[in-house]
Protein chains: 2
Amino acid sequence: MVNSQAVERPANLSKMAAIAPKPVVKDAILDATDRLLARFGYRKMTVEDIAAEAGIGKGTIYLHFSSKEEVVLSHVDRIVERLKDRLREIASSDATAAERLRLMLLTRVLFRFDSIQHYTQSLNDLLAALRPGLLARRALYFEAEAEIFAEVLVIGRQSGEFSFDDEHVTAHALLQATNGLLPYSLSTTELGERAEVEQRASDVANLMLQGLLSRTTS
Amino acid sequence: MVNSQAVERPANLSKMAAIAPKPVVKDAILDATDRLLARFGYRKMTVEDIAAEAGIGKGTIYLHFSSKEEVVLSHVDRIVERLKDRLREIASSDATAAERLRLMLLTRVLFRFDSIQHYTQSLNDLLAALRPGLLARRALYFEAEAEIFAEVLVIGRQSGEFSFDDEHVTAHALLQATNGLLPYSLSTTELGERAEVEQRASDVANLMLQGLLSRTTS
DNA sequence: ATACTGACTGGAATTCGATTTTGGTCAACA
DNA sequence: TGTTGACCAAAATCGAATTCCAGTCAGTAT
């Protein structure tokens, strides 16, 4: 439940580190988790393993996270958080709106692919153990992503580049169309080669974007 | 391995039933399988159960299928075969090519949804047991579907309704975009309400089709 | 105080051998 | 000639003994 992103009332700036104790340690825990997930998978990775890998005591983990499950879910959260940063970066670049959306769609697929392809065989394990928690967050992830996409859509419409009715519906459709390429239930090996996934994402993106382009421009 | 679809050299027409013994029985076995999958799931359903439900002896199952796994995979094959019939039906209707594709996309999603929503909780079980076999067939299913879609695409282009480069790439993109709504790894309950799934499929289809429409028509 | 730790605990997971179930075969049967 | 169900080996299941580990908290260090 501790979310370093949410900044509520920075009451005492000099004591920020105390309010959310040592974000450096928190990140070290998540880094360790990433390495160990790749090496052992979810079930065989113990909390003591994580602590040792991070160079801290086991109890310290519980000062930052409420449970082992929460550690791993936060790790996934961090991946998505970084993805969102990347998406916002692309969203505010100076390419055409269509080019930005295209790159954003490719990125949302490939960033996830790259983030978890390290632990391929252990993914099923993780998924089986955390399915309920992950499904709950999936919806939140998509919603957050949709907002970023919607902004670019609106900008593209203002400039006359795009033509569409509802930006939220359209944003969700864009995400939905690429969801089949996300390694949520199919592992990265089952999805196919990276290059092939990229090609498929690209083909889908091209077709969708063609549908967005304003009829008047051509 | 016994595939009633593949018609190789119908040597003796009067003995067809002997070459592929009693397709009626075969269908009865698959019908029984469908009912029992819903009731018990894959693992708890025994071959003897199937035989009893179909009103035949256990050994008879093995005159039609090489293994229990093959029985269930053939059951899935039959679902897809029926779906393809439905798709071809729509493909040859007299609506506009866009309307046909739209309906075909909705159908490929909802037909699957309806076909397996009976056995929701037992789906994970089935998926875990048959994953390798199912993944292998998935590719074949998509390929076969893509062909039907490609035909409609070509017709739409001939009539000037559509504009696109490669019909196979485009057909695959259409399928890929709706794959995320198929109950392959996510069960029907995890996908959401039927109406919601329908809405999402519809939104995606609309956007994709918008991209196909020829620029000249508007 | 405050930040951290690791020994400790109960419940969960694993192991392993005994027992039961079941996928697949085939000799007998209709 | 087509069908069957008793039969067999392999797999699944069970259950008790054992190990393991997530989470706690008294204690240490700072």
Taking the 0 to 90 degree range and rounding to the nearest ten, how far is the long axis of helix A:194-212 tilted relative to the main principal axis of chain A, both from C-alpha atoms? 40 degrees
Averaged across A:180-189, how many Cβ atoms of other chains sit within 10 Å of each residue's Cβ atom? 3
Once the label point is set 7 Å along the Cα-to-beta-carbon vector, what list of distances in nm do you get between B:T107 and its counterparts in the other copies? 4.0
Please grab the % of Cα pairs in the protein assembly as shown that end up more than 43 Å from each other. 24 percent
How high is the relative contact order of chain B? Use alpha-carbon pairs under 8 Å, at least six apart in sequence, and give a whole percent. 22 percent
Per 10 Å bin, what percent of the C-alpha pairs of segment B:115-218 does each bin hold, from zero upward? 13, 36, 31, 15, 4, 0
Percentage of Cα-Cα pair distances in segment A:19-65 greater than 18 Å, rounded to whole percent? 21 percent
Taking GluC sites (Glu not before Pro) in a DSSP loop with at most 10 other Cβ atoms within 10 angstrom as exposed, one finds the longest site-free stretch of chain A at A:9-192
Calculate the length of the line joining the C-alpha centroid of segment A:133-210 to that of segment B:142-213, in whole Å. 15 Å
Averaging the inverse of every distinct alpha carbon separation and then flipping it gives the Kirkwood radius. What is it for chain B, in angstrom units? 19.0 Å
Net charge near B:E89: determine it from the other residues with C-beta under 11 Å of the C-beta of B:E89, scoring Lys and Arg +1 and Asp and Glu -1. +4
Taking 24 Å as the cut-off for C-alpha to C-alpha distance, list the pairs among B:K44/B:K84; B:K26/B:K68; A:K26/A:K58 that go past it. B:K44/B:K84
In Å, what Kirkwood hydrodynamic radius results for segment B:97-146 from the alpha-carbon pair distances? 12.5 Å
Other protein chain Cβ atoms within 10 Å, averaged over every residue that makes up A:202-213: 6
Calc'd 3J(HN,Hα), segment B:56-73, phi into Karplus 6.51 cos²θ - 1.76 cosθ + 1.60 (θ = phi - 60°), Hz, glycine/Pro = x, comes to 9, x, 4, x, 4, 3, 7, 7, 10, 9, 7, 6, 4, 4, 5, 4, 5, 4
Please give the FRET efficiency for B:A144 paired with A:T46, using the beta carbon to beta carbon distance and R0 = 56 Å, rounded to the nearest 0.05. 0.75
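The numbers here are math on the coordinates, done by the rules we state, and not lab data. Computed from a predicted structure; not experimentally measured. Positions of Cβ are backbone-derived with ideal geometry, glycine not excepted, and every protein chain shown enters the neighbour counts.
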